[in-house]
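The values are calculated or read from the model by the stated rules, or taken from the named source; none is laboratory data. This is a predicted model, so every value here is computed, not measured. Every residue, glycine as well, gets a Cβ built from its backbone with ideal geometry; the counts of neighbours run over all protein chains shown.
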């Protein structure tokens, strides 16, 4: 074990607060493994430990991240999500495959999925736009978190108005997915795309509202004016099961 990992784990054990468990369980639907350390404390540990490893080679830092992920502790996954975006200037196309492996192997809840997708995978896509096509393959995965990742990895670019055609394509592929985490994921993606492309997203919603789950639809129109929301949720709407 690398000394920095041992140091992090020792501090997490020392900072455990049993009262934090209740807030963790309210946030996560899934059963999680945690030290019971409050988020601001974990953030401080992540920042302080980063100062000690920031000069290391990227590959070495990624190995540390994988060791933290492999513990399956929520706080250690949070530290990975804090560290990895700090390497964005060093990202290459090859890193996309590594991040995909992490999602497939280690991700087991909404928070860790979204953290690595929004900031790490989103940054790789920003530097290497052609990898966006790989997200469409993820929509066919048996792993719910990989399917959610297909959508939420485009959240940050979508906010900037980028990749509209890919946003629509991924929504098409996830339209009939029965998993609520996936429905919320692609609905969220449509919502963020509507910041810059309200007319296009509204047209898409109106065209597909009878196929979309009510969950996805509500997310998708979340930023729209009241009159458009009323039209999208009109009484003649019939949601899919």
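On the given criteria, is residue 97 closer than 25 Å to residue 17 by Cα and either free of Cβ contacts under 8 Å to residues at least 60 places away in the same chain or not assigned by TED's automatic domain parsing to the domain that holds residue 159 (or both)?
On the way: closer than 25 Å to residue 17 by Cα: no; either free of Cβ contacts under 8 Å to residues at least 60 places away in the same chain or not assigned by TED's automatic domain parsing to the domain that holds residue 159 (or both): yes.
So residue 97 fails the test.
Would you check if there is a residue in region 72-93 being assigned by TED's automatic domain parsing to the domain that holds residue 1, in a helix (DSSP H, G or I) and touching a strand residue (DSSP E or B) at 6+ places or on another chain (Cβ under 8 Å)?
Checking region 72-93: at least one residue is assigned by TED's automatic domain parsing to the domain that holds residue 1, in a helix (DSSP H, G or I) and touching a strand residue (DSSP E or B) at 6+ places or on another chain (Cβ under 8 Å).
Out of the residues in region 154-167 that are surrounded by fewer than 18 Cβ atoms within 10 Å (Cβ to Cβ) and in a helix (DSSP H, G or I), state the one that is farthest from the chain's Cα centre (by Cα).
Ranking the candidates gives 165 first.
Enumerate the pairs (first residue in region 29-55 and assigned by TED's automatic domain parsing to the domain that holds residue 9 and free of Cβ contacts under 8 Å to residues at least 12 places away in the same chain; second residue anywhere and surrounded by fewer than 16 Cβ atoms within 10 Å (Cβ to Cβ) and assigned to a helix (DSSP H, G or I)) with beta-carbon separation below 6 Å, excluding pairs fewer than 6 apart on the same chain, so at least 6 apart or on different chains.
Going by the 6 Å Cβ cut-off, there are no qualifying pairs.
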